[in-house]
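Student: Dumping the structure here so I can ask a few things about it.
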Ligand code: 5GP
(Lines give C-alpha, C1' and ligand atoms only; values in the text may rest on other atoms or scores of the structure.)
Protein backbone atom coordinates (compact mmCIF):
# COMPACT_ATOMS: atom_id res chain seq x y z
CA UNK A 1 0.00 0.00 0.00
CA UNK A 2 1.23 3.50 -0.76
CA UNK A 3 0.31 5.83 2.06
CA UNK A 4 -0.01 9.59 1.61
CA UNK A 5 2.64 11.55 3.49
CA UNK A 6 2.40 14.92 5.11
CA UNK A 7 6.04 15.70 4.37
CA UNK A 8 7.66 16.92 1.21
CA UNK A 9 10.33 15.36 -0.92
CA UNK A 10 12.80 17.80 -2.42
CA UNK A 11 15.26 16.80 -5.11
CA UNK A 12 18.28 19.00 -5.65
CA UNK A 13 20.62 18.24 -8.53
CA UNK A 14 23.26 20.05 -10.48
CA UNK A 15 26.65 19.23 -11.95
CA UNK A 16 29.63 18.37 -9.80
CA UNK A 17 31.43 21.58 -8.83
CA UNK A 18 28.36 23.83 -9.07
CA UNK A 19 28.41 24.37 -5.31
CA UNK A 20 25.47 22.09 -4.56
CA UNK A 21 26.72 20.85 -1.19
CA UNK A 22 27.45 24.40 0.01
CA UNK A 23 24.04 25.60 -1.14
CA UNK A 24 22.33 22.64 0.52
CA UNK A 25 24.15 23.14 3.81
CA UNK A 26 23.31 26.88 3.75
CA UNK A 27 19.68 25.98 2.97
CA UNK A 28 19.54 23.54 5.89
CA UNK A 29 20.92 26.07 8.33
CA UNK A 30 19.07 29.17 7.17
CA UNK A 31 15.65 28.02 5.92
CA UNK A 32 12.91 27.90 8.57
CA UNK A 33 11.21 24.82 7.06
CA UNK A 34 11.66 21.39 8.74
CA UNK A 35 14.34 20.31 6.26
CA UNK A 36 16.38 17.15 6.69
CA UNK A 37 19.10 15.90 4.38
CA UNK A 38 18.98 12.29 3.27
CA UNK A 39 22.39 10.67 3.73
CA UNK A 40 23.17 8.58 0.67
CA UNK A 41 25.18 5.40 0.48
CA UNK A 42 28.22 5.38 -1.78
CA UNK A 43 31.01 3.04 -2.78
CA UNK A 44 33.50 5.85 -3.43
CA UNK A 45 36.32 6.54 -0.98
CA UNK A 46 35.71 9.26 1.65
CA UNK A 47 37.49 12.55 1.01
CA UNK A 48 39.49 14.22 3.75
CA UNK A 49 37.02 15.74 6.28
CA UNK A 50 34.16 13.51 5.17
CA UNK A 51 32.56 11.59 8.02
CA UNK A 52 30.85 8.22 7.64
CA UNK A 53 27.13 8.52 8.40
CA UNK A 54 27.22 12.31 8.09
CA UNK A 55 28.27 13.05 4.51
CA UNK A 56 27.61 9.56 3.19
CA UNK A 57 27.32 5.99 4.37
CA UNK A 58 30.58 4.72 2.89
CA UNK A 59 30.06 1.06 2.02
CA UNK A 60 31.75 -1.59 -0.12
CA UNK A 61 30.54 -2.49 -3.60
CA UNK A 62 29.48 -5.85 -2.23
CA UNK A 63 27.33 -4.26 0.49
CA UNK A 64 25.89 -1.83 -2.03
CA UNK A 65 24.80 -4.58 -4.39
CA UNK A 66 23.35 -6.58 -1.48
CA UNK A 67 21.21 -3.55 -0.56
CA UNK A 68 20.18 -3.07 -4.15
CA UNK A 69 19.23 -6.74 -4.41
CA UNK A 70 17.20 -6.29 -1.21
CA UNK A 71 15.40 -3.30 -2.78
CA UNK A 72 16.57 -0.96 -0.03
CA UNK A 73 17.19 1.92 -2.44
CA UNK A 74 14.62 4.43 -3.60
CA UNK A 75 17.02 5.01 -6.49
CA UNK A 76 20.64 4.31 -7.23
CA UNK A 77 23.08 5.10 -10.00
CA UNK A 78 26.68 4.63 -11.07
CA UNK A 79 27.20 8.35 -11.22
CA UNK A 80 30.37 9.00 -13.19
CA UNK A 81 30.53 5.68 -15.01
CA UNK A 82 33.75 4.74 -13.23
CA UNK A 83 32.46 2.10 -10.87
CA UNK A 84 31.34 4.40 -8.06
CA UNK A 85 27.76 3.80 -7.01
CA UNK A 86 25.49 6.17 -5.10
CA UNK A 87 22.03 5.43 -3.71
CA UNK A 88 19.21 6.85 -1.58
CA UNK A 89 18.09 4.53 1.20
CA UNK A 90 14.31 4.32 1.07
CA UNK A 91 13.35 3.51 4.66
CA UNK A 92 14.72 6.66 6.37
CA UNK A 93 13.18 8.82 3.63
CA UNK A 94 9.71 7.35 4.13
CA UNK A 95 9.98 7.54 7.91
CA UNK A 96 10.81 11.22 7.75
CA UNK A 97 8.07 12.01 5.26
CA UNK A 98 5.58 10.30 7.56
CA UNK A 99 6.72 12.64 10.33
CA UNK A 100 6.02 15.65 8.13
CA UNK A 101 9.64 16.49 7.42
CA UNK A 102 10.92 18.08 4.22
CA UNK A 103 13.45 15.51 3.02
CA UNK A 104 16.19 16.81 0.77
CA UNK A 105 17.81 14.44 -1.73
CA UNK A 106 21.03 15.76 -3.23
CA UNK A 107 21.32 13.36 -6.14
CA UNK A 108 22.31 13.18 -9.79
CA UNK A 109 19.95 13.60 -12.74
CA UNK A 110 19.55 9.88 -13.43
CA UNK A 111 18.56 9.26 -9.81
CA UNK A 112 16.28 12.31 -9.81
CA UNK A 113 14.30 11.02 -12.78
CA UNK A 114 13.85 7.66 -11.03
CA UNK A 115 12.55 9.38 -7.88
CA UNK A 116 10.19 11.62 -9.89
CA UNK A 117 8.58 8.52 -11.40
CA UNK A 118 7.72 7.24 -7.93
CA UNK A 119 7.10 10.61 -6.27
CA UNK A 120 5.69 12.86 -9.01
CA UNK A 121 4.74 15.41 -6.35
CA UNK A 122 8.35 15.90 -5.32
CA UNK A 123 9.76 19.38 -5.79
CA UNK A 124 12.71 19.26 -8.17
CA UNK A 125 15.38 21.92 -8.32
CA UNK A 126 18.36 22.08 -10.66
CA UNK A 127 21.29 24.24 -9.61
CA UNK A 128 22.86 25.72 -12.73
CA UNK A 129 26.48 26.93 -12.96
CA UNK A 130 25.87 29.44 -15.75
CA UNK A 131 28.34 27.83 -18.15
CA UNK A 132 30.86 25.00 -18.33
CA UNK A 133 33.91 27.29 -18.24
CA UNK A 134 32.81 28.61 -14.85
CA UNK A 135 32.15 25.06 -13.68
CA UNK A 136 35.60 23.82 -14.72
CA UNK A 137 37.17 26.72 -12.81
CA UNK A 138 35.31 25.74 -9.65
CA UNK A 139 36.13 22.04 -10.01
CA UNK A 140 39.85 22.83 -10.33
CA UNK A 141 39.66 25.36 -7.52
CA UNK A 142 38.51 22.85 -4.92
CA UNK A 143 41.52 20.57 -5.61
CA UNK A 144 39.79 17.36 -4.59
CA UNK A 145 39.87 15.48 -7.90
CA UNK A 146 42.64 14.30 -10.19
CA UNK A 147 42.77 15.58 -13.79
CA UNK A 148 41.14 12.46 -15.19
CA UNK A 149 38.29 12.75 -12.71
CA UNK A 150 37.85 16.45 -13.53
CA UNK A 151 37.56 15.65 -17.23
CA UNK A 152 35.04 12.92 -16.50
CA UNK A 153 32.97 15.23 -14.28
CA UNK A 154 32.94 17.95 -16.94
CA UNK A 155 31.76 15.48 -19.59
CA UNK A 156 28.99 14.28 -17.26
CA UNK A 157 28.12 17.90 -16.38
CA UNK A 158 27.60 18.76 -20.06
CA UNK A 159 25.05 15.94 -20.31
CA UNK A 160 23.38 16.96 -17.04
CA UNK A 161 22.90 20.55 -18.20
CA UNK A 162 20.95 19.21 -21.16
CA UNK A 163 18.59 17.48 -18.72
CA UNK A 164 17.87 20.56 -16.61
CA UNK A 165 14.48 21.08 -18.28
CA UNK A 166 13.13 18.00 -16.47
CA UNK A 167 13.21 19.97 -13.22
CA UNK A 168 10.44 22.24 -11.96
CA UNK A 169 12.90 24.96 -11.03
CA UNK A 170 16.31 25.93 -12.42
CA UNK A 171 18.29 28.19 -10.11
CA UNK A 172 21.57 29.72 -11.19
CA UNK A 173 24.16 29.65 -8.42
CA UNK A 174 26.08 32.90 -8.37
CA UNK A 175 26.32 33.34 -4.63
CA UNK A 176 25.65 30.57 -2.14
CA UNK A 177 23.55 32.45 0.39
CA UNK A 178 21.39 34.09 -2.29
CA UNK A 179 20.82 30.73 -3.99
CA UNK A 180 19.81 29.11 -0.69
CA UNK A 181 17.40 31.98 0.04
CA UNK A 182 15.86 31.63 -3.40
CA UNK A 183 15.36 27.87 -2.94
CA UNK A 184 13.87 28.39 0.52
CA UNK A 185 11.40 30.84 -1.05
CA UNK A 186 10.44 28.31 -3.74
CA UNK A 187 9.85 25.64 -1.09
CA UNK A 188 7.72 27.98 0.97
CA UNK A 189 5.59 28.75 -2.09
CA UNK A 190 4.84 25.10 -2.83
CA UNK A 191 4.95 23.77 0.74
CA UNK A 192 1.35 24.28 1.70
CA UNK A 193 -0.32 22.59 -1.24
CA UNK A 194 1.71 19.41 -1.33
CA UNK A 195 1.14 15.97 0.04
CA UNK A 196 3.51 13.27 -1.19
CA UNK A 197 2.14 9.95 -2.33
CA UNK A 198 3.98 7.09 -3.98
CA UNK A 199 2.99 4.90 -6.89
P1 LIG B 1 30.43 13.47 -4.87
O2 LIG B 1 31.23 12.24 -5.21
O3 LIG B 1 31.05 14.71 -5.43
O4 LIG B 1 30.06 13.55 -3.42
O5 LIG B 1 29.01 13.31 -5.60
C6 LIG B 1 28.98 13.05 -6.93
C7 LIG B 1 27.57 13.10 -7.47
O8 LIG B 1 26.78 12.05 -6.92
C9 LIG B 1 26.82 14.38 -7.17
O10 LIG B 1 26.30 14.87 -8.39
C11 LIG B 1 25.72 13.96 -6.25
O12 LIG B 1 24.55 14.72 -6.45
C13 LIG B 1 25.50 12.53 -6.68
N14 LIG B 1 24.88 11.73 -5.62
C15 LIG B 1 25.13 11.78 -4.29
N16 LIG B 1 24.34 10.92 -3.63
C17 LIG B 1 23.56 10.32 -4.57
C18 LIG B 1 22.53 9.33 -4.51
O19 LIG B 1 22.15 8.83 -3.47
N20 LIG B 1 21.99 8.96 -5.68
C21 LIG B 1 22.36 9.50 -6.88
N22 LIG B 1 21.73 9.07 -7.98
N23 LIG B 1 23.31 10.43 -6.98
C24 LIG B 1 23.91 10.83 -5.84
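The values are calculated or read from the model by the stated rules, or taken from the named source; none is laboratory data. These numbers were taken from a predicted model, which means no experiment stands behind them. We place every Cβ from the backbone using ideal geometry, glycine too, and count neighbours over all the protein chains shown.
Student: Since residue 72 meets every condition but one in (1) within 26 Å of residue 172 (Cα to Cα); (2) in contact with a strand residue (DSSP E or B) (Cβ under 8 Å, 6 or more places away or on another chain); (3) more than 10 Å from the ligand (Cβ to nearest atom), which condition does it not meet?
Tutor: Of (1) within 26 Å of residue 172 (Cα to Cα); (2) in contact with a strand residue (DSSP E or B) (Cβ under 8 Å, 6 or more places away or on another chain); (3) more than 10 Å from the ligand (Cβ to nearest atom), only one is false for residue 72: (1).
Student: Select, from 24, 39, the only residue that is under 12 Å from the mean Cα position of the chain (by Cα), in a helix (DSSP H, G or I) and surrounded by 11 or more Cβ atoms within 10 Å (Cβ to Cβ).
Tutor: Working: 39 fails: in a helix (DSSP H, G or I).
Answer to the check: 24.
Student: Could you check how many residues of segment 1-43 are free of Cβ contacts under 8 Å to residues at least 60 places away in the same chain and either within 8 Å of the ligand (Cβ to nearest atom) or out of contact with any helix residue (DSSP H, G or I) (no Cβ under 7 Å at 6 or more places or on another chain) (or both)?
Tutor: Quick first cut of segment 1-43, residues free of Cβ contacts under 8 Å to residues at least 60 places away in the same chain only: 1, 25, 29, 39, 41-43.
Restricting the remaining residues to those that are either within 8 Å of the ligand (Cβ to nearest atom) or out of contact with any helix residue (DSSP H, G or I) (no Cβ under 7 Å at 6 or more places or on another chain) (or both) gives 1, 25, 29, 39, 41-42.
Within segment 1-43, residues that are free of Cβ contacts under 8 Å to residues at least 60 places away in the same chain and either within 8 Å of the ligand (Cβ to nearest atom) or out of contact with any helix residue (DSSP H, G or I) (no Cβ under 7 Å at 6 or more places or on another chain) (or both) number 6.
Student: I would also like to ask the following. Taking the stated definitions as given, is residue 149 touching a residue at least 60 places away in the same chain (Cβ under 8 Å) and within 13 Å of the ligand (Cβ to nearest atom)? Quick ask: steps written out before the conclusion?
Tutor: On the way: touching a residue at least 60 places away in the same chain (Cβ under 8 Å): yes; within 13 Å of the ligand (Cβ to nearest atom): yes.
Considered against the rule, which asks whether it is touching a residue at least 60 places away in the same chain (Cβ under 8 Å) and within 13 Å of the ligand (Cβ to nearest atom), residue 149 comes out as yes.
Student: Given the criterion buried (at least 19 other Cβ atoms within 10 Å of the Cβ) and within 14 Å of the ligand (Cβ to nearest atom), identify the matching residue among 116, 135. Can you show your working first?
Tutor: Numbers: 116 fails: buried (at least 19 other Cβ atoms within 10 Å of the Cβ).
So the residue among 116, 135 that is buried (at least 19 other Cβ atoms within 10 Å of the Cβ) and within 14 Å of the ligand (Cβ to nearest atom) is 135.
Student: Okay, next question. Among the residues of segment 50-61, how many are over 12 Å from residue 84 (Cα atoms) and loosely packed, with under 11 Cβ neighbours inside 10 Å? So that I can check it myself, show each step before the final result.
Tutor: Quick first cut of segment 50-61, residues over 12 Å from residue 84 (Cα atoms) only: 50-57.
Retained after the next criterion (residues that are loosely packed, with under 11 Cβ neighbours inside 10 Å): 51, 53-54.
Here the count works out to 3.
Student: Could I ask something else about it? Which members of segment 86-104 meet the condition of being surrounded by fewer than 20 Cβ atoms within 10 Å (Cβ to Cβ) and within 17 Å of residue 55 (Cβ to Cβ)?
Tutor: Across segment 86-104, the qualifying residues are 89, 92.
Student: Looking at (1) in contact with a strand residue (DSSP E or B) (Cβ under 9 Å, 6 or more places away or on another chain); (2) away from the ligand (no atom under 13 Å from the Cβ); (3) at pLDDT 95 or above, can you tell me which one residue 121 breaks?
Tutor: Just one mismatch for residue 121, condition (3).
Student: May I pose another question? Every residue in segment 44-67 that is farther than 28 Å from residue 22 by Cβ and within 12 Å of the ligand (Cβ to nearest atom), please.
Tutor: Result: 67, single match.
Student: Quick one: residue 32 ticks every box in (1) surrounded by 13 or more Cβ atoms within 10 Å (Cβ to Cβ); (2) at pLDDT 95 or above; (3) part of a loop (DSSP other than H, G, I, E, B) bar one, so which box is it?
Tutor: (1)
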